[in-house]
Amino acid sequence: SVVYLNGQFMPAEDAKISPMDRGFLFGDGIYEVIPSYAGLCVGFAAHIQRLQQGLAALEIRCTLTAQDWKELVQQLIQQNGAGNLGIYLHVSRGTDSKRAHAYPQDISATIFAYCFDIAAEPEADIDKAPRYKVMTSTDLRWQRCHIKSTALLGNVMHHQQAAALGLNECILFDQQGFLTEGSSTNVFIVKNDVVITPPLSSQILPGITRQLLLNMLRQHSTIQVEERPVSKNEVLCADEVWLTSSSKEVAAVIEVDGKAVANGEPGTLWLQAQQLFSLYKYEE
Ligand code: PMP
């Protein structure tokens with residue numbers, strides 16, 4: 001495959017980064033993953049905006065503008081066949097051999113992008129829908145989960161808890177028992193035809209799929225939507241549970257901690273939500 005590194009496109013084998021890069025030594029960087037189908041990206045502007053916000057939060061200087069990113073990503077897509085691609089963007093603080101914790105002021109960011117093959121676009125079809133089985137756990141990550149840091153070990157360890165049990169995701173609750181998010185997804189529940197998801201905070205990633213879906217539900221449906229704290233009991237008693245992420249779009253959960261969600265099948269509001277998402281996802 002063809003990748004981008006620090007201003008140049010090259011074969012993946014030729015892309016070399018120093019082990020002194022702070023992305024490697026400290027996890028000191030920001031990343032994004034943007035889905036692209038037949039050359040069209042989903043939520044591109046929002047993903048770039050979140051990337052820029054993360055870089056600003058970490059005071060990483062990167063001079064690429066939204067337009068620069070757009071051109072970079074378009075080139076990357078074309079050079080990799082323009083099929084179903086996940087576009088990975090990564091900016092680390094850069095290379096510094098002194099290994100000081102404080103941000104070095106005299107280094108330049110390492111900018112890397114590559115693509116990987118992803119499944120075809122998710123479909124709004126009950127028969128074909130993936131059925132997710134999840135577990136619950138206490139959220140043991142840090143208190144800056146709104147920053148899309150490359151330091152993903154907290155998320156990786158939670159995901160592994162689920163994977164080790166043959167489950168698809170681990171959904172997390174804070175010390176007070178309120179829902180935060182999944183290890184790589186945002187979480188929604190449905191109760192009595194109301195769609196509910198936790199409000200943005202420093203304990204969850206502001207998911208692009210979450211935001212696009214909320215906007216679509218409010219603009220293009222009469223479904224009632226609430227952003228408010230969700231207790232563990234509400235998740236366990238929900239009529240529907242969904243996971244959202246760029247690759248999954250809206251995914252139905254059929255089992256939580258070994259117990260079926262309602263009748264154990266994707267629900268009717270899930271179908272409507274994924275239909276809306278399929279219809280409007282290229283519009284913003
Ligand atoms: N939460 C976490 C922790 C994630 O890693 C992801 C995937 N980026 C999400 C939520 C979903 O975000 P998005 O819809 O932007 O892919």
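For the condition more than 13 Å from the ligand (Cβ to nearest atom), at pLDDT 95 or above and either on the phi < 0 side of the Ramachandran plot or among the polar types (S, T, N, Q) (or both), what is the one hit in V187, V250, V235?
That would be V235, the only listed residue that is more than 13 Å from the ligand (Cβ to nearest atom), at pLDDT 95 or above and either on the phi < 0 side of the Ramachandran plot or among the polar types (S, T, N, Q) (or both).
Name the single residue that is nearest to A109 (Cα to Cα) among those in segment 2-17 being touching a residue at least 60 places away in the same chain (Cβ under 8 Å) and touching a Leu at 6+ places or on another chain (Cβ under 9 Å).
I17
Okay, residues lined up against (1) surrounded by fewer than 20 Cβ atoms within 10 Å (Cβ to Cβ); (2) over 17 Å from N168 (Cβ atoms):
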position: I204; (1), (2): no, yes
position: E234; (1), (2): yes, yes
position: S246; (1), (2): no, no
position: E249; (1), (2): no, no
position: I254; (1), (2): no, no
position: G264; (1), (2): yes, no
position: L269; (1), (2): no, yes
position: L276; (1), (2): no, yes
position: Y282; (1), (2): yes, yes
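In this structure, is S92 surrounded by 15 or more Cβ atoms within 10 Å (Cβ to Cβ), of a type in the set (S, T, Y) and touching a residue at least 40 places away in the same chain (Cβ under 8 Å)?
Against the criterion (surrounded by 15 or more Cβ atoms within 10 Å (Cβ to Cβ), of a type in the set (S, T, Y) and touching a residue at least 40 places away in the same chain (Cβ under 8 Å)), S92 qualifies.
Of all the residues that make up segment 95-110, how many are surrounded by fewer than 18 Cβ atoms within 10 Å (Cβ to Cβ) and within 14 Å of G27 (Cα to Cα)?
5
In segment 34-50, how many residues are in contact (Cβ under 8 Å) with a residue 24 or more places away in the chain, more than 11 Å from the ligand (Cβ to nearest atom) and either among the hydroxyl-bearing types (S, T, Y) or crowded, with 20+ Cβ neighbours inside 10 Å (or both)?
Matching residues across segment 34-50 total 4.
Restricting attention to segment 201-220, does a residue exist that is closer than 22 Å to N263 by Cβ, modelled with pLDDT of 95 or more and polar (S, T, N, Q)?
no
Could you check V230 against (1) out of contact with any Phe, Trp or Tyr (no Cβ under 9 Å at 6 or more places or on another chain); (2) within 23 Å of N168 (Cα to Cα); (3) crowded, with 17+ Cβ neighbours inside 10 Å and say which number it fails?
In the conditions (1) out of contact with any Phe, Trp or Tyr (no Cβ under 9 Å at 6 or more places or on another chain); (2) within 23 Å of N168 (Cα to Cα); (3) crowded, with 17+ Cβ neighbours inside 10 Å, V230 misses (1) alone.
How about segment 203-218: which of its residues are near the ligand (Cβ under 6 Å from one of its atoms), in contact (Cβ under 8 Å) with a residue 40 or more places away in the chain and within 14 Å of A45 (Cα to Cα)?
Hits for segment 203-218 are I208, T209.
Can you tell me which of (1) polar (S, T, N, Q); (2) surrounded by fewer than 21 Cβ atoms within 10 Å (Cβ to Cβ); (3) within 15 Å of the ligand (Cβ to nearest atom) is the one S221 doesn't meet?
Evaluating S221 over (1) polar (S, T, N, Q); (2) surrounded by fewer than 21 Cβ atoms within 10 Å (Cβ to Cβ); (3) within 15 Å of the ligand (Cβ to nearest atom) leaves (3) as the failure.
Among (1) in contact with a Leu (Cβ under 9 Å, 6 or more places away or on another chain); (2) among the polar types (S, T, N, Q); (3) surrounded by fewer than 21 Cβ atoms within 10 Å (Cβ to Cβ), where does S183 come up short?
(3) is the only condition that S183 fails.
Taking I87, is it of a type outside the set (D, E), modelled with pLDDT of 95 or more, crowded, with 19+ Cβ neighbours inside 10 Å and not assigned by TED's automatic domain parsing to the domain that holds I204?
Spelling it out, I87 is indeed of a type outside the set (D, E), modelled with pLDDT of 95 or more, crowded, with 19+ Cβ neighbours inside 10 Å and not assigned by TED's automatic domain parsing to the domain that holds I204.
What number of residues within segment 226-246 are small (G, A, S) and more than 13 Å from Q274 (Cα to Cα)?
Qualifying residue count for the region: 2.
Looking at segment 104-149 only, could you name the residues that are part of a strand (DSSP E or B), of a type outside the set (S, T, Y) and farther than 21 Å from G86 by Cα?
Within segment 104-149, R131, K133, V134, M135 meet the criteria.
The values are calculated or read from the model by the stated rules, or taken from the named source; none is laboratory data. Model, not experiment: these values are computed from the prediction. No Cβ is skipped: glycine too gets one built from the backbone with ideal geometry, and neighbour counts run over all protein chains shown.
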